[in-house]
Structures are given as structure tokens and as C-alpha cells.
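A short worksheet on the structure shown next.
The values are calculated or read from the model by the stated rules, or taken from the named source; none is laboratory data. Nothing here was measured: the structure is a model prediction, and the numbers come from that model. Glycine gets a Cβ as well: all are built from the backbone with ideal geometry, and neighbour counts include every protein chain shown.
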Amino acid sequence: MSFAVGLAAVAVFALLAPALQFMARARAWPLGPVTLLAIATVVSHGLGVMLGILFVPQLQYWDAASIFGFCVMAYVFAFGAVYKSVSLGILLSLVDRPDRRAPLSEIADGQVPDLFRGRIGNLVDGGLVERSDSHFTATAAGRNMAGHVGRLRRAFGIGDTSLYDFSD
Amino acid sequence: MARSDGDKLGGEREDIVGEDSHAHAATARPGRQGSLDRKNATSYRLPLWLGLQRRPGRFSTMNMLPGPAQAAAIGLSLAFPLLLLLYARIAATGGAGRRFRLGSVSVVILYAVACIALPGQRHVGDVLGGLFLLGTAMMLCYILFSLLAWGFTLTLLTALVQAGHPLTLEQWARAYMQGGDLGTFTHNRLKLLIGAGMVITADGRLAPTSKGVAVAHLVKLVRLSTGLG
């Protein structure tokens, strides 16, 4: 029964999370998609626990939390995969063309530089990079974040190219 | 075993609910300890609705203690990043992706060993809950790990900081690709799509396969259902 409580909370999350994303876009809320996901998680988990306390004779918290955590993380995983994936962006652009074909040069010279500029825009909007004339410089916050990322990458033995290693 | 004992004692706990409701009300007063089931010292009862007199049978209690397998899964979830740190010190474990897979397989094996080695009879819900917890931790770690390893935007930032001076857009692209150009990056991402059988190349043109079209439709569905539009 405790698992059912967790699943009920998942159902609440699955309705609340997209509703918040739609509302944030429609009303121009200054909250990022990840923050909205975190809000939906806390609210639905809280509601699930309340539901369990009200209707389940002996709620096993970790039974409910385990299935809730798993399903929500799977949702976040899927969300992250489709949110800003470069590879999937290329695939979608191909499928959306009338003849479903594109020259390689068009992707390399058109779409990827556009993605590049878009991500730079995100860094500027996020206050991590500032633009002066045609040059870009990292802000103090950007340098700080880059320092943390560099240390984590070294600790976990991760390279700094962001390229997929197909020999893996 | 501990879990089934707890279940048995659950019945006993229900029998003393009236007595316990006084204890719950008492917890609102300063200087009083939280209610602990005296017949089962391992079962902490969350004091609910502090300050209110609980009507017997209206609200249930909540067992906050994980079962033995779930406790093992929580421990392994906390140990998982440490295991990845350890594997990073061993050159034979390969690249980032292989190391993550190795870490995942290791914790699943350790969880199976824990389920077998822990004393007492296993409870299905306990083992299943443990698996869910372990899966949650692995997905969370993968999301963070993949951001570090393959994050486009983060790597753009680190490339700019490593350059140490202001860069134009073209210089930044070269710094990002460590001397290469965005064409190298495009080919790397396309290799993923081609390797997964989602895209084919013919006469310098790219085209999605039927699998690629199916994945694209799935992506659109996920985007729509998660509110990304």
C-alpha cells in the first residue's frame, strides 16, 4: 500500500511538473525549468506523504519514497535528455524537413553554429559570461563555476572536451 | 527479518493508539521527547499534527526507518560517487563512460550480495524498494556525471576561462574545440546518431532512418508531456 502512495505522488508530479512549465512560459516567471521540477517534486512528495498518513494504516515511508524517487528521477532523466540535447536537436531538424534530408555542410555550418550562439546567450543571460563589443569574458561567477567544474572533472578523471569517446 | 518483526509489531502499535495520541500531543510541549514505540525501539513514530489531540483511527503513523535491504541500498547510493572517485584513480577502468558503467554494475552486485548476506528473511517490498532507491541514485549520478563529461554549455564556459583572456566568437569556438573547429564537434555528435542507427549519410546528405523517425516522434511526445512544448 505504501508503494501505491508513492505512485499516487508520481501521478501528482506528472501533472504538476508540465503544468508549471507551461505556466512559467505563459506568464514569464523568472524560474528555470530545473527549479520548477524541484518545486513539483517537493510539493508532490509532501502531498503523497500526507495522503499516506491519512489513508494508510502504517505508512512505510521508504517504500513510498523509493518508487516516487525512481519515477521522478526517470522523468528528470527523460526531461534532461530532450531539453537541450545537441544530437537530438540535429535529429529533430532532419525529421522536420519536408524531404527529411539535409546536406552535412548545412548542419555543420548552419545549425551547430546557431546552437553554439544559443548556448553562449544562455551563459550571458545567466551572468556567467559578459560581452564587450565583439569579445566575451567570464565574470567572477563564471570563473568560480568553471573552477568547481574543473576540480570535479579532475577528481572523477573526466576530460574537458565534452566530446563522446567512442572507444569506450 | 527486522522488517517482518516490525510488521508484526505494527498490529500491537495500533492497539495502543489511544495511549499514543496523548504522547503525540505531549510532544508539542517544550522539554518533552518525541514518541517512541516502547514495544519496538527501532520504530520511531513521527509526531504528527503537533499540539492537536489526535482522534484515534483518524491519522495513521509513519515508519521512517528503511528495511535492511533499503538501508543497504541507501548506503550503496552514498558510496556510489566515492566508488567512481576510486575508479578514476585506476587507469585500467578506461574512459568516463566505461567507468560509470563499471561503477553501476559494481553497486548492483554489492546490493545483491547484501540482500543475500544480511541476516533474516527478505521482504519483497524491502528488496524492491532498495532496487528503486539504487536506481534513483544511479540516474541522479548519471545526470550529474554526464553534465560534467559531455555538457556543451559547461565546456564552453571552462574553455573561455582556460583561455585567460577575452575571446571573439570564432576564437571561442576554436578554444572550445582545443584547436579544432565546430565541424569536429558536429561530426562527433553525428557519429552518435549514426552509431545508434538513427541517421544515415548518403552522397554527403543526412537522412533519418525509420528508427530515427520513431525516436524523433518519441522525443516530441516527451517534450510535449513534460511541458517543454
Give B:132, B:152 a once-over and let me know the one that is modelled with pLDDT of 95 or more and among the aromatic types (Phe, Trp, Tyr). B:132
If I ask for residues that are of a type in the set (Val, Ile, Thr) and in contact with an Asp or Glu (Cβ under 9 Å, 6 or more places away or on another chain), which ones from region A:105-140 would you list? A:124, A:137, A:139
Regarding residue A:104, is this residue surrounded by 15 or more Cβ atoms within 10 Å (Cβ to Cβ) and within 21 Å of residue B:228 (Cβ to Cβ)? no
Could you grab me the full set of residues in region B:199-229 that are in a helix (DSSP H, G or I), in contact with a Phe, Trp or Tyr (Cβ under 9 Å, 6 or more places away or on another chain) and either loosely packed, with under 15 Cβ neighbours inside 10 Å or of a type in the set (Val, Ile, Thr) (or both)? B:222
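Let's see how each residue does on (1) within 7 Å of another protein chain (Cβ to nearest Cβ); (2) surrounded by fewer than 23 Cβ atoms within 10 Å (Cβ to Cβ):
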site	(1), (2)
B:129	yes, no
B:135	yes, yes
B:140	yes, yes
B:151	yes, yes
B:160	yes, no
B:165	no, yes
Taking region B:78-89 and keeping residues crowded, with 19+ Cβ neighbours inside 10 Å and either facing another protein chain (nearest Cβ under 10 Å) or touching a Ser or Thr at 6+ places or on another chain (Cβ under 6 Å) (or both) leaves B:84, B:87
